[in-house]
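Worksheet for the structure shown next.
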Amino acid sequence: MIKLGKVLHHDDLIQIKHLNQENLKNNLSQRDRLKYGFLTLEYDIELLLKVNNIEKTIVAKNGNKIVAYAIVINKTAYGLNKLFDDLIDRVNNLKYNKSNLYKIDYALVGQLCISKDYRGKGLVKEIYKFFKKEYSKKYKYLVTDIDERNTRSLNAHLKNKFQIIDNFYWGDSYWNIILWNWSNKKD
């Protein structure tokens with residue numbers, strides 16, 4: 001049985017790092033990237049510790065084994081990683097519902113990963129439901145960006161109440177910035 005919670009032990013971070021490594025874009029075949037999606041940012045233990053000190057990472061466990069995670073960050077992650085900085089800068093320059101986002105408290109998905117054996121079982125929906133329950137009193141929106149070629153991830157997010165609010169070209173890819181408005185009463 002899969003249970004959702006937050007990172008509690010150093011071993012949890014080690015398991016997250018291992019799952020991160022298994023699903024990095026550069027560690028997957030082209031076929032697997034298309035079929036299963038991929039991760040772009042490599043997390044080492046030091047970065048995982050730092051982001052976990054900002055907000056606790058959400059984990060899905062089967063027994064003691066982490067089978068999925070969602071890293072939670074906010075604007076205070078600025079300076080920890082160039083990718084965080086770029087995303088925060090971009091989001092802070094956007095408007096949503098006629099409001100400048102730099103004035104709004106929003107959380108960011110630093111990364112979402114589901115183990116290959118657990119995909120297609122509704123975990124994305126359950127993780128985001130837990131995410132909202134845990135963090136929606138503190139933050140108005142949940143934001144992240146997704147490589148346009150990562151269609152599996154983009155589609156999963158769009159099915160789970162996110163909407164595209166901007167896109168940009170970075171590196172060798174087009175990226176979509178997506179947002180879930182937690183102040184929507186119907187969600």
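The values are calculated or read from the model by the stated rules, or taken from the named source; none is laboratory data. This structure is a prediction, so every number in the text was calculated from the model and none was measured. As a convention, Cβ positions derive from the backbone with ideal geometry for all residues, glycine included, and neighbour counts pool all protein chains shown. Note: accessible area is taken over every heavy atom of the protein model, side chains too, but ligands, DNA and RNA are not part of it. Shrake-Rupley method; radii C 1.70, N 1.55, O 1.52, S 1.80 Å.
Worth a mention:
- Residue count, segment 9-59 (criterion: among the charged types (D, E, K, R), crowded, with 19+ Cβ neighbours inside 10 Å and not in a helix (DSSP H, G or I)): 1
- Test: residue in segment 100-117 that is open to solvent by less than 30 Å² (accessible area, probe 1.4 Å), over 23 Å from TYR43 (Cβ atoms) and aliphatic (A, V, I, L, M): yes
- Matching residues in segment 118-145 - criterion: being among the aliphatic types (A, V, I, L, M) and either open to solvent by less than 10 Å² (accessible area, probe 1.4 Å) or within 15 Å of ALA77 (Cα to Cα) (or both): ILE127, LEU142, VAL143
- Being β-branched (Val, Ile, Thr), closer than 15 Å to TYR118 by Cα and under 13 Å from the mean Cα position of the chain (by Cα) is a condition met by no residue of segment 29-46.
- Test: residue in segment 10-21 that is more than 18 Å from GLY110 (Cβ to Cβ) and of a type in the set (D, E, K, R): yes
- Scanning segment 140-174 for residues that are more than 14 Å from the chain's Cα centre (by Cα) and among the aliphatic types (A, V, I, L, M) gives ILE164, ILE165.
- Residue within segment 66-76 that is open to solvent by 60 Å² or more (accessible area, probe 1.4 Å) and over 28 Å from ASN181 (Cβ atoms) present: no
- Selection of first residues in segment 72-86 that are more than 23 Å from GLY5 (Cα to Cα) and of second residues that are surrounded by fewer than 18 Cβ atoms within 10 Å (Cβ to Cβ) and hydroxyl-bearing (Ser, Thr, Tyr), restricted to Cβ pairs under 6 Å at least 6 apart or on distinct chains, gives the following pairs, ordered by first then second residue: ASP85/TYR78.
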